[in-house]
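Take a look at the following structure, please.
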Amino acid sequence: MTADQQNNNKKIKPLQRLYKFREIGVAGFAVLAFIIITIIEPRYASYDNIRSIMLYIPLIVVVAMGEMMVIITKNIDLSVGSIVGFSGICVGMIFIQNNEFSVALSFLLGTVIGAALGFLNGFLITRIKLPSIIVTLGTLSIYRGLLFIVSGGRQIDPNYIPVKLIEISQTSPIIIPWIVVIVAVIVLINHFFMKHTHIGREIYAIGSNSRASILRGINVDNVLLLVFSISGACAGFAGIMYASRYGYVNPAQTGVGFEFVVIAATVIGGTSVAGGLGSVIGTIIGCILLGIVNTALTVLGISAFWQQATYGIIIISALLIDKSIQQQIAQNKVRRM
């Protein structure tokens, strides 16, 4: 290990400890929130409501796995919600023509569609050198527009969604539905990829210092292209999960505002918007907290408009925490000099 690498590790380790503490704090807050909401409204702890939370969280988790990678590289993907809707609609149109279309192939096709849209984002960012926030803000609208063009504004009704696809969110040999089991596998794969592969370490390195990464021989553009493709693939996969979970795909509803939920869950789970830091476990904790908040607002009869406000508050709070942590580290460095 070179002297520069050792110095970088010394800088990162204090941050990692602080963000680890933050993950524990968020987990504790999620448990506390669940208890308080249950005291206020006892039916919140009912089997049906807990099941509803379990079926909502996987949708966030899958998309958040890709968004986490993007944010670690100090970028952002605002188009994931539109990709969720677009992939769901595209596969739904196939279901209208062939209700017996393979469920496994539908997930594969949705993932490929999402990966292609994510690749386009990555291409514009890495090859044309446009800022990720501008590119994905633009493709958010483009993909949503294409969604309406492909579907003609028509909803994919429940009678067109294959029963086998819906059953994935309803049944399994164990108590936990298949959709939760599938997402658990995706999470394990993602954790291994980020922590135990060369590319995973490169993703963290790029977020920590992209210029230094180039000097170390990392092909930053290719890694970013892969990261945005993975983010799109995760969103595409979630589009089919959406059809399974709700039994329909509506072009005006599916995936709308989903990017804010995912970004809120990711950053509150400890992924630093300054890049270079984030974990699968922290992201899952953030998703669980958002799942609790989302279902709580409904059970407590709070207006849906407050949900969007809540996500905004969570994102800003996470940014303030990030800034506080960065300032604390900077102050510690000054004291040591």
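Quote the relative contact order of the chain in percent (integer), defining contacts as alpha-carbon pairs under 8 Å separated by 6+ residues.
Taking the mean separation of contacting Cα pairs over the length of the chain, I get 32 percent.
Which order results if F193, F228 are arranged by neighbouring Cβ count within 10 Å, fewest first? Before the final figure, lay out each step's value.
Values: F193 16, F228 31.
Ordered by Cβ neighbours within 10 Å, fewest first: F193, F228.
Give the order of M69, M241, M54 when sorted by the count of other beta carbons within 10 angstrom, beginning with the fewest.
M54, M241, M69
Another question, then. Can you bin the stretch 203-280 into rounded, prolate or oblate? Criterion: square roots of the alpha carbon gyration tensor eigenvalues sorted a ≥ b ≥ c, rounded for a/c under 1.5, prolate for a/b above b/c, oblate for the rest.
In terms of gyration-tensor shape, prolate.
With r defined as the distance between the Cβ atoms of A33 and I176 and R0 fixed at 25 Å, what FRET efficiency is calculated, to the nearest 0.05?
It comes out at approximately 0.65.
If one takes the longest principal axis of the Cα atoms in the chain, at what angle in degrees, from 0 to 90 and to the nearest 10, does the Cα axis of helix 258-268 lie?
The angle comes out at about 40 degrees.
Also, quick follow-up: Going by a ≥ b ≥ c, the root eigenvalues of the Cα gyration tensor, does the chain fall in the rounded group (a/c under 1.5), the prolate group (a/b larger than b/c) or the oblate group?
The shape class here is oblate.
In nm, to one decimal, how far is the K323 label point from the I24 one, both placed 7 Å along Cα→Cβ?
Result: 2.7 nm between the two label points.
Per-residue ellipticity at 222 nm for the chain, helices alone: DSSP H runs ≥ 4 residues times -39500 (n - 2.57), over residue total, nearest 500 deg cm²/dmol?
After summing the helix terms and dividing by the residues of the chain, the value is -26000 deg cm²/dmol.
For the stretch 55-134 and the stretch 166-191, compute the distance between their C-alpha centroids and round to whole Å.
When both Cα centres are located, 19 Å separates them.
State the dimensionless ratio Rg/Rh of the stretch 53-140 (Rg: radius of gyration of Cα atoms; Rh: Kirkwood radius).
On the way: Rg = 14.5 Å, Rh = 14.1 Å.
Reported Rg/Rh (Cα atoms, Kirkwood Rh): 1.03.
Please find, in a Gaussian network model of the chain (springs between Cα atoms separated by less than 10 Å), the residue of I316, I292, I302 whose mean-square fluctuation is greatest.
I302
Moving to a separate point now. To the nearest 0.05, what FRET efficiency results for E41 and V220 with a Förster distance of 35 Å applied to their C-beta separation?
With R0 = 35 Å, the Cβ-Cβ based efficiency is 0.10.
Can you put S279, S244, S46 in order, fewest other beta carbons within 10 Å first?
So the ranking, lowest neighbour count to highest, is S46, S279, S244.
Ok, one more. With a 10 Å radius around each residue's Cβ, average the other Cβ atoms per peptide and rank 283-289, 32-38, 161-167, highest first.
By packing density, highest mean first, the sequence is 283-289, 161-167, 32-38.
From the Cα gyration tensor of the stretch 88-198, with a ≥ b ≥ c the square roots of its eigenvalues, which class applies: rounded if a/c is under 1.5, or else prolate if a/b is larger than b/c, or else oblate? Working shown, then result.
Numbers: a/c = 2.71, a/b = 1.19, b/c = 2.28.
Because a/c hits 1.5 or more and a/b fails to exceed b/c, the stretch 88-198 counts as oblate.
Since every read-out is calculated from the coordinates, none of them should be taken as a lab result. Model, not experiment: these values are computed from the prediction. Heads up, the Cβs are rebuilt from the backbone with ideal geometry, glycines too, and the neighbour counts pull from every protein chain shown.
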